[in-house]
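A short worksheet on the structure shown next.
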Amino acid sequence: MATSLFYDLGPLEEIAVNLFHGWGYNFYRLENQLRADDLVIRNQVCSLLGMARGQVEAAESAYRRAFLPPPSREKPRQDPEAIANAQALERLSQAIGALEGQIRAQPVPENDRMTQRYRQEAPTLQKLLECDMRLTGQAETLRAMLDRKDGAWMIGKSSDIQDGLKAIEETLRNRKAALFV
């Protein structure tokens with residue numbers, strides 16, 4: 001069985017290299033490494049934002065259980081302030097999810113002849129990497145800020161949290177601008 005075509009490294013390596021070149025991948029080009037790094041980093045940033053969103057959703061759920069009990073004869077209507085706060089937590093979760101979606105959908109320069117002809121690809125990818133590093137720091141700061149906090153705390157610190165979301169949005173705008181310079 002060791003003599004099977006699936007175990008002979010020479011032909012397997014040749015097939016892989018041919019496929020990689022056919023897919024436009026070159027092992028030794030800095031541009032390809034930066035493009036791959038960009039994808040990995042953005043995936044991790046989305047993971048951090050997903051954790052932050054999960055923390056907000058858990059805090060919202062606990063807040064609803066604590067402050068919005070089922071209606072009873074004694075209290076048939078919910079407290080309007082508690083409803084507004086629960087809705088604010090829900091909007092915060094949605095805003096974080098929207099940012100996560102925007103980051104996932106961010107483009108990178110294509111690996112085509114027109115891009116190579118009119119733009120220096122490596123410096124552009126380096127600028128994107130710098131933006132991605134900033135996004136990573138911002139996403140981790142947001143995640144750490146929300147870690148193990150309850151809904152009441154998040155409502156009280158909503159201006160700080162919104163500042164963090166605005167900073168992430170600004171970094172996304174800068175990242176988009178780097179592609180079109």
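Every number here is computed from the coordinates shown, using simple stated rules; none is lab data. Nothing here was measured: the structure is a model prediction, and the numbers come from that model. Glycine also receives a Cβ, built like all others from the backbone with ideal geometry; neighbour counts cover every protein chain displayed.
Computed from the C-beta positions of A58 and A177, the FRET efficiency with R₀ = 35 Å rounds to 0.50. For region 28-181, the dipole from Cβ point charges (+1 on Lys and Arg, -1 on Asp and Glu) about the Cα centre works out to 200 debye, to the nearest 20. Here the simple spin-label model places points 7 Å from the Cα toward Cβ, and for A36 and A66 these points are separated by 4.7 nm. Coupling constants for region 58-64 follow from the phi torsions by the Karplus curve (6.51 cos²θ - 1.76 cosθ + 1.60, θ = phi - 60°), and in residue order they are 5, 5, 5, 4, 5, 5, 4 Hz; glycine and proline get x. Note that region 120-134 has calculated 3J(HN,Hα) couplings of 7, 5, 4, x, 5, 5, 5, 4, 5, 4, 5, 5, 5, 5, 5 Hz, one per residue in order, obtained from phi through the Karplus relation 6.51 cos²θ - 1.76 cosθ + 1.60 (θ = phi - 60°); glycine and proline are x.
Annotation: lysines with alpha-carbon distance below 21 angstrom to K127 (same-chain offsets under eight excluded): K166, K176. A crude spin-label estimate for the pair E169 and E14, with each label 7 Å from Cα along the Cβ direction, gives 5.7 nm.
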